[in-house]
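Taking it in order: structure first as structure tokens, then the write-up.
The values are calculated or read from the model by the stated rules, or taken from the named source; none is laboratory data. Computed from a prediction, not measured in an experiment: that's the story for all the values here. Reconstructed Cβ throughout: ideal geometry from the backbone, glycine too, with neighbour counts over all protein chains shown. Calculation scope for accessible area: heavy atoms of the full protein, side chains included, ligands and nucleic acids excluded. Shrake-Rupley method; radii C 1.70, N 1.55, O 1.52, S 1.80 Å.
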Amino acid sequence: MKQYILIISIFISNILSGQELKKGLIMPSEDFEECCIYIPKSGLSIYESPDSEIVGKLTLGSPDNSNDVYSATIKIGNTQEKIEFSNLHMVGYEVFALIYIDRVHQFLKIKRGYWLSMDELKSKGLLTTSWMDYLIAKENIMGWYANDPGLNLRAEPNVKAKIIETLKGDLWEITPTNEVQGLWCKVKVKEYKNHPCSGEDDQIIRELIGWVKLLADDQTPNVWNYAKGC
């Protein structure tokens, strides 16, 4: 319940700032149990455009002897296409979520170019999570790290504000807070001598607080993480 309240508060903040977030992930509600791609066994209907007729189905495959990760396929008529992993995002160890790149009315556009019904997703235990919601709400022990060439940590959420530090590489651990303004987020940052995976003690050099542009102008993440852990 706390996660849902957090997501709602972030959504309201973005509406007030005039920034509507239309890109993100299709994630499960608490009662969704499928593995290892968040697609229901019954599949999902595919549309060519919002409010159009159903043209096909997105279905979940089965693991084989050499690969425990499920595959996914788009079936249209007598043809079928395998979903490439570029259409998915790893949200846990060998666990993937579908990426959506646009939202119109009650439909989501996936990277392959087809559309899914939000009503059907909800009925099958799935919900939409903007990239901002995901980055903030995800319980990530190892934190996030700035994409190359780095992120400026600023005193205020705008590009003219004072730069506190430039965050580069995986020795700067970024932890988002729930304070959001558009594409910006207030974060807590730790600088390490060596990466925490080294297992050494007393690795923290300093801790800082400031604002980073957590999402790029195209609403995709400016950060990455070790999805598989150390």
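If you check ASN178 against the conditions, is it in contact (Cβ under 8 Å) with a residue 60 or more places away in the chain, within 23 Å of the chain's Cα centre (by Cα) and more than 26 Å from LYS111 (Cα to Cα)?
Numbers: in contact (Cβ under 8 Å) with a residue 60 or more places away in the chain: yes; within 23 Å of the chain's Cα centre (by Cα): yes; more than 26 Å from LYS111 (Cα to Cα): yes.
For ASN178, the condition - in contact (Cβ under 8 Å) with a residue 60 or more places away in the chain, within 23 Å of the chain's Cα centre (by Cα) and more than 26 Å from LYS111 (Cα to Cα) - is met.
Just checking, which of MET90, MET132, MET118 is under 18 Å from LEU25 (Cβ atoms) and free of Cβ contacts under 8 Å to residues at least 24 places away in the same chain?
The conditions single out MET118.
Out of (1) of a type in the set (A, V, I, L, M); (2) open to solvent by less than 40 Å² (accessible area, probe 1.4 Å); (3) in contact (Cβ under 8 Å) with a residue 40 or more places away in the chain, what's the single condition that is false for VAL104?
(2)
For the range 197-230, which positions are free of Cβ contacts under 8 Å to residues at least 12 places away in the same chain and open to solvent by 30 Å² or more (accessible area, probe 1.4 Å)? Spell out the reasoning first.
As a first pass, look at the range 197-230 and keep what is free of Cβ contacts under 8 Å to residues at least 12 places away in the same chain: 198-203.
Across the range 197-230, the qualifying residues are SER198, GLY199, GLU200, ASP201, ASP202.
Name the residues in the range 149-168 that are open to solvent by 50 Å² or more (accessible area, probe 1.4 Å), part of a loop (DSSP other than H, G, I, E, B) and under 17 Å from LYS190 (Cβ atoms), would you?
Of everything in the range 149-168, just one residue is open to solvent by 50 Å² or more (accessible area, probe 1.4 Å), part of a loop (DSSP other than H, G, I, E, B) and under 17 Å from LYS190 (Cβ atoms), namely LYS168.
Just checking, which of ALA72, ALA97 is open to solvent by less than 20 Å² (accessible area, probe 1.4 Å) and at pLDDT 90 or above?
Answer to the selection: ALA97.
Looking at the range 1-41 only, could you name the residues that are modelled with pLDDT of 85 or more, open to solvent by less than 60 Å² (accessible area, probe 1.4 Å) and assigned to a loop (DSSP other than H, G, I, E, B)?
Across the range 1-41, the qualifying residues are LEU21, LYS23, TYR38, ILE39, PRO40.
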